Amino acid sequence: MANIFTNTKVNNEILRMSNGLTSVFIETFCLAGADLAKKQFEKDLMIWFGQRDWVILGMGVEGFDISEIIWNTREFEQQKTFILKVIDSVYTKRNWQYLSYEPNTSFLFEKLNMFKNMIHSFTSENIGNNDWEEGLFEFDGEIMKYDQCEKHKIYKHYQGCVICNNEI
């Protein structure tokens, strides 16, 4: 089974990744952005990406359309700049020392290039009625919003750490 990433508001481009490569993609993205995220919307983006966890969504359905990212019109350009900065940090292997494996960079970077192009081509006009509203994350008190994993240093989602969940 594979995961599909699309940018339907812009074009018909489809980015396909295996379950394993999707996990690596999300894990390295979350690692690269964890210590870059300083503003609330940046931390929220990192939580959102961490929620692309197969433990929550099920294998083969972690993919998404670029318009589903938690964009908002007020901070769109800053959000886009932040996501592109995180992508560039994946290329430098930022925080990979927290992984228990060495990702295959040829596969990962090829898909990352495609994803970067999708982000570049997305504009604020593509948000439409999907403008993100704060407070839509669900946390139960056991894990609090903006809690970070002690082992991997990434932002947890309501089911924990996406990397710890993959190590089970």
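The values are calculated or read from the model by the stated rules, or taken from the named source; none is laboratory data. In this text the structure is predicted, and so the values were computed from the model without any measurement. Cβ coordinates were reconstructed from backbone atoms using ideal geometry, including for glycine residues, and neighbour counts include every protein chain displayed.
Observations, loosely collected:
- Glu102 assigned to a loop (DSSP other than H, G, I, E, B), at pLDDT 95 or above and charged (D, E, K, R): yes
- Sole exception among (1) assigned to a helix (DSSP H, G or I); (2) among the charged types (D, E, K, R); (3) closer than 27 Å to Glu125 by Cβ for Glu27, by number: (3)
- Taken together, Lys85, Lys145 contain a single residue that is modelled with pLDDT of 95 or more and either out of contact with any Cys (no Cβ under 6 Å at 6 or more places or on another chain) or at negative phi (or both), which is Lys85.
- Residue pairs meeting the criteria (Cβ under 7 Å; at least 6 apart or on separate chains; first in contact (Cβ under 8 Å) with a residue 40 or more places away in the chain and at negative phi, in region 103-119; second exposed (fewer than 15 other Cβ atoms within 10 Å of the Cβ) and charged (D, E, K, R)): Met118/Glu13
- Residues in region 150-166 that are modelled with pLDDT of 90 or more, assigned to a loop (DSSP other than H, G, I, E, B) and surrounded by fewer than 18 Cβ atoms within 10 Å (Cβ to Cβ): Glu150, Lys151, Lys153.
- Breaking point among (1) of a type in the set (Lys, Arg); (2) modelled with pLDDT under 95; (3) on the phi > 0 side of the Ramachandran plot, for Lys93: (2)
- When residues of region 1-24 are limited to those that are among the polar types (S, T, N, Q) and in a loop (DSSP other than H, G, I, E, B), the one surrounded by the most Cβ atoms within 10 Å (Cβ to Cβ): Asn7
- Among (1) outside any loop (DSSP other than H, G, I, E, B); (2) closer than 25 Å to Glu125 by Cβ; (3) in contact with a strand residue (DSSP E or B) (Cβ under 6 Å, 6 or more places away or on another chain), the one test that Phe49 misses: (3)
- Some residue of region 110-124 being part of a loop (DSSP other than H, G, I, E, B), modelled with pLDDT under 95 and among the hydrophobic types (A, V, I, L, M, F, W, C): no
- From Leu45, Leu99, residue being surrounded by 14 or more Cβ atoms within 10 Å (Cβ to Cβ) and free of Cβ contacts under 8 Å to residues at least 60 places away in the same chain: Leu45
- Residue selected from region 3-42 under the condition among the aliphatic types (A, V, I, L, M), touching a residue at least 60 places away in the same chain (Cβ under 8 Å) and touching a strand residue (DSSP E or B) at 6+ places or on another chain (Cβ under 6 Å), by the criterion nearest to Leu108 (Cα to Cα): Met17
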